[in-house]
Amino acid sequence: MQIFEYNGSALVAMVGKNCFAIASDRRLGVQLQTIATDFQRISKIHDRLFLGLSGLATDAQTLYQRLVFRHKLYQLREERDMKPETFASLVSAILYEKRFGPYFCQPVIAGLGDEDKPFICTMDSIGAKELAKDFVVAGTASESLYGACESMFKENMEPEELFETVSQALLASVDRDCLSGWGGHVYVVTPTEVKERILKGRMD
Amino acid sequence: MPKEQANWSPYDNNGGSCVAVAGADYCVIAADTRMSTGYNILTRDYSKICKLADKCVMASSGFQADVKALQKHLAARHLIYQHQHNKQMSCPAMAQLLSNTLYYKRFFPYYSFNVLGGLDNEGKGCVFTYDAVGSYEKVGYSSQGSGSTLIMPFLDNQLKSPSPLLLPAQDAVTPLAEAEAIDLVKTVFALASERDIYTGDKLEIVVINADGIRREYMDLRKD
């Protein structure tokens, strides 16, 4: 039994022109049984920073709670929101603290940094950061997502086109993975608004 | 004393990816030419594609020693068929033969992931996809090998085949023109070479249509 494939997940984040999109599937399973079809994998840290956690769902929830706690403390002390780059370093440090008994999660972080520059990154379960300029993927469907994103990605896409691209890539990839699916959650974030959309996909 | 496990395996994976796409009157079969073992490259110039009959071509990835043995076996059986029936084997017939050959070694399999492509008796393109022990299916397009998890979702998105369970039965072959299908295959391998370390070097494309078989090559990333 593979621990990273216990619950099943698919996460992708993509960079556009002064905007980014972060998307996930909606299935929560226990090996081959589906438990929930509306599971939220992506959480808002603040208006311009989103965190997606793939892998073991219990670790994802615990990690999310710890990170929200740390961010709230930061907000109290610094009287401002955390920058995405800083948050990524915080996640990396928290994961590495558990180097020899890790959280079985792979986070995807997406945010708008200084001057509204989009920032995306992912890391492995012990905090090795991977900064990318185009897209990052995580979860059981990650190989399929690599293929789909690599072919559909273009630079400097506007929010509407970015939404279409991320949605097509996500749905095509989860359709080839038994452990993820049941639709998608897509967040498209620009400096002025956050649009959350739910995709209808194959329900199997 | 704890039981010792054998740490010698008769199999190896030489990597690589294969793709086949069926059209209304053509079939495109493609594979990269890289042969590797572990993290090393053995050669950049190895063909994974084998012509089994006049209108039937097979591309296989996996363990190339088993692939070579399988190709020899099928070629020998095809020769016998030609002597006995005075004609070439059709693609659907070869597909069944390949399936039976693979299942014959069910308990010591050929480590070979195959796609068979060609024209059926009416001249329409057909693609058959296999697992290592001979389970097969006639489909409109398929990919096998190390890059298949990256390639399949993209092919699904571009060539969406209707379900074989629908009634009335719908055609699985793509309505794309031959040149467009070849372009699609080239795109697909370019994308697989980017993210799969075992796919790259050169792409070999074989196109079967009413005029016969022709071969094309394209350079891929060498890293």
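All of the numbers you see were taken from the coordinates with simple rules; none came from a lab. Predicted model only: the values in this text are computed from it and were never measured. FYI the Cβ positions are ideal-geometry reconstructions off the backbone, even for glycines, and counts take in every protein chain you see.
Which of rounded, prolate or oblate describes region A:49-204 when judged by the alpha-carbon gyration tensor and an a/c cut-off of 1.5? Judged from the Cα gyration tensor, region A:49-204 comes out oblate (a/c at least 1.5, b/c at or above a/b). Extension gain, A:LEU131 to A:ALA36, is 31.1 nm, computed as 0.36 nm per intervening residue step minus the present C-alpha separation.
Shielding by partners for peptide B:146-152, expressed as the average number of C-beta atoms from other protein chains within 10 Å of each residue's C-beta, is 6. Highest-first packing order for the peptide set B:165-171, B:77-83 is B:77-83, B:165-171, based on the mean count of other beta carbon atoms within 10 Å.
Quantify how strongly other chains surround peptide A:140-149 by giving the mean number of their Cβ atoms within 10 Å of each of its Cβ atoms.
Other-chain Cβ atoms within 10 Å of each residue's Cβ, averaged: 6.
Please tell me the relative contact order of region B:17-220 in percent, rounded to the nearest whole number, where contacts are Cα pairs under 8 Å and at least six residues apart. Relative contact order comes out at 29 percent.
Sorting the segments A:113-119, B:48-54 by their residues' average number of neighbouring beta-carbon atoms within 10 angstrom, most packed first, yields B:48-54, A:113-119.
Residue ranges B:34-41, B:63-70, A:71-78, B:19-26 sort as B:19-26, B:63-70, B:34-41, A:71-78 when ordered by packing (mean number of other C-beta atoms within 10 Å per residue, highest first).
On full extension, the segment bounded by B:LEU165 and B:ARG195 gains 7.4 nm, given 0.36 nm per residue less the C-alpha separation.
Shown is the FRET efficiency for A:LYS117 and A:THR86, computed with R0 = 22 Å from the Cβ-Cβ distance and rounded to the nearest 0.05: 0.95. Placing pseudo-labels 7 Å out from each Cα toward the beta carbon at B:ALA76 and A:LEU73 gives an inter-label distance of 7.2 nm. Helix screen, chain B: DSSP H segments with Cα axial length of 24 Å or more and mean Kyte-Doolittle hydropathy at least -0.5 are B:178-195. Its alpha carbons give the protein assembly as shown an Rg and a Dmax of 24.1, 87 Å.
Taking a ≥ b ≥ c as the square roots of the Cα gyration tensor eigenvalues, with a/c under 1.5 meaning rounded and otherwise prolate when a/b beats b/c, else oblate, which class fits region B:17-220? Rounded, because the longest to shortest axis ratio a/c is under 1.5. Shape of region B:88-157 from its Cα gyration tensor (a ≥ b ≥ c, root eigenvalues): rounded if a/c is under 1.5, otherwise prolate when a/b > b/c, or oblate? Verdict is oblate for region B:88-157. Near B:ALA53: Cβ cut-off under 13 Å, other residues only, Lys/Arg at +1 and Asp/Glu at -1. The net charge is +2.
Structural descriptor for chain A: relative contact order 30 percent, calculated from alpha carbon pairs under 8 angstrom and at least 6 residues apart.
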